1. For Ile23, are the conditions met, namely being under 19 Å from Ser2 (Cα atoms), out of contact with any Phe, Trp or Tyr (no Cβ under 7 Å at 6 or more places or on another chain) and either in contact (Cβ under 8 Å) with a residue 60 or more places away in the chain or not in a strand (DSSP E or B) (or both)?
2. Can you tell me how many residues in segment 36-59 are closer than 16 Å to Lys3 by Cβ and touching a Lys or Arg at 6+ places or on another chain (Cβ under 6 Å)?
3. If you go through segment 15-60 one residue at a time, how many are exposed (fewer than 10 other Cβ atoms within 10 Å of the Cβ) and aromatic (Phe, Trp, Tyr)?
4. Taking segment 1-44 as the region of interest, how many residues are more than 12 Å from the chain's Cα centre (by Cα), small (Gly, Ala, Ser) and within 20 Å of Gln59 (Cβ to Cβ)?
5. With the requirement that a residue be part of a loop (DSSP other than H, G, I, E, B) and of a type in the set (Val, Ile, Thr), what does segment 34-56 give you?
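Taken together, the values in this text are just the output of simple stated rules run on the coordinates, not laboratory data. Just so we're clear, the structure is a prediction, and the values are computed from it rather than from any experiment. Cβ: placed from backbone, ideal geometry, glycine included. Neighbour counts: every protein chain shown.
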Amino acid sequence: MSKEIKVRLIRSMVGRPEKHRKILRSLGLTRMHKTVTLYDTPQIMGAIRKVKHLVKVSQV
């Protein structure tokens, strides 16, 4: 099974393009400092790469 990763929103969505906001919402990050646990799949990692300047990723 895929490894799990923790993703935390460390920068605000205010003033960001709508595309970035949609990606963050799809990852489950709706407010500052919220942490979600996700599986390390190519789809998830691709979404994280697009907003890597707004989030912090760590291994579980």
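1. Taking the combined requirement at face value, the residue does not satisfy it.
2. 3
3. Final tally of qualifying residues: 0.
4. Selection size over segment 1-44: 1.
5. Thr41, Val51
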